[in-house]
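Working notes, beginning with the structure itself.
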Amino acid sequence: QVQLVESGGGLVQAGDSLRLSCAASGRTDSIKTMGWFRQAPGQEREFVALVNWSEGRTFYSDSVKGRFTISRDNAKNTVYLQMNSLKPEDTAVYYCAADRTYFTAMSRYYDYWGQGTQVTVSS
């Protein structure tokens, strides 16, 4: 089992920056990929970014590419999402997830999920 705890959400203005953190505990040696997803009210959960846990390869959705950066600190078992130039459409609950098998943006393959952290961007 892997436990994930997100932090760092909040209320910011358009153009501001925010950094989310996701601390993993438990069987972290089983993690292959860590991803960030988000869900806005009334919308489906969507992929944001992912990072290969051992190699550090990253992948981003088109909507955040160039503004968001995902990174990981293996020593701290923590993954980060640096969000710059935030827009009101980035408002959502952001979830951290861990996948034991794949390097994928498809949420259904992720095995473990955090509880989510709210990010609200005002215009």
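The values are calculated or read from the model by the stated rules, or taken from the named source; none is laboratory data. Source: prediction; values computed, not measured. Using ideal geometry, Cβ is built from the backbone for each residue, glycine included, and neighbour counts are taken over all protein chains shown. The protein model used for the area step is the full one, side chains on, heavy atoms only, and it has no ligands, DNA or RNA in it. Shrake-Rupley method; radii C 1.70, N 1.55, O 1.52, S 1.80 Å.
Brief remarks on what is shown
- Semi-axes of the equivalent ellipsoid for segment 11-111, Cα gyration tensor, largest first, Å: 22, 15, 12
- Here the dipole of the chain is about 180 debye; that uses its Cα centre as origin and unit charges on the Cβ of Lys and Arg (positive) and Asp and Glu (negative).
- All lysines inside 23 Å of LYS76 as judged from Cα atoms, apart from same-chain residues fewer than 8 positions distant: LYS32
- TYR112 sits among other residues whose Cβ lies under 9 Å from its own Cβ, and their net charge, with Lys and Arg +1 and Asp and Glu -1, is -1.
- Solvent exposure of segment 1-116, expressed per residue, is 50 Å² of accessible area, with all protein chains present and a 1.4 angstrom probe.
- Sulfur and carbon atoms: percent of accessible area, the chain [1.4 Å]: 45
- Relative to the Cα centre, the charge distribution of segment 13-81, modelled as +1 at Lys and Arg Cβ and -1 at Asp and Glu Cβ, gives a dipole magnitude of about 100 debye.
- Rounded to 5, the percent of DSSP beta bridges in segment 37-123 classed as antiparallel: 100
- Restriction of the GluC sites (Glu not before Pro) in segment 1-50 to DSSP coil positions whose beta-carbon has at most 12 other beta-carbons within 10 angstrom yields GLU44.
- Approximating the spin labels as points 7 Å out from Cα along Cα→Cβ, the SER7-to-ASN84 distance works out to 2.4 nm.
- The alpha-carbon atoms of segment 78-123 define a convex hull whose volume equals 98 cubic angstrom per residue.
- Within the listed set ARG38, ARG108, ARG100, the residue fluctuating most in the Gaussian network model of the chain (springs between alpha-carbon atoms under 10 angstrom) is ARG108.
- Taking the centroid of alpha carbons for each part, segment 1-30 and segment 34-82 are 10 Å apart.
- Cross-link partners of LYS65 among lysines, defined as those whose alpha carbon lies under 16 angstrom from its own and excluding same-chain residues fewer than eight positions apart: LYS87.
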